[in-house]
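Report on the following structure.
FYI, it's all coordinate maths here, none of it is from the lab. On a predicted model such as this, the values are computed, not experimentally measured, just so you know. Cβ coordinates were reconstructed from backbone atoms using ideal geometry, including for glycine residues, and neighbour counts include every protein chain displayed.
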Amino acid sequence: MTLGLPTVDGKYVSLGDLGTYSLPFGKLEISFDQANLRWGDRRLVNFIAAAELEVYGLSERYRQPGLGVPLAAATAPLDPEKSPTTSSTRRRACR
């Protein structure tokens, strides 16, 4: 599924080009509410397929059968004027 929804540069999964896609055996309709991308005072961006990540050191693995694909995402502030930048947060954490 992620291979069918790439961004222009091919790095991420695009959730902006949703709609109806014709398939050889029918059609696929993809939709969701963009408001669901909000996480606290941040917005989820730059989705990638979680299957493409390599994770070490975790002993548990949770999988649920069904149609879909797990995605991982970065976050961006909803209001850049009010939210600290990543670099300023990192500096505060190091002091």
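A few remarks follow.
- Computed from label points 7 Å out along Cα-Cβ, the spacing between A72 and T7 is 1.5 nm.
- Computed E for I48/S22 - FRET, C-beta separation, R0 30 angstrom, nearest 0.05: 0.70
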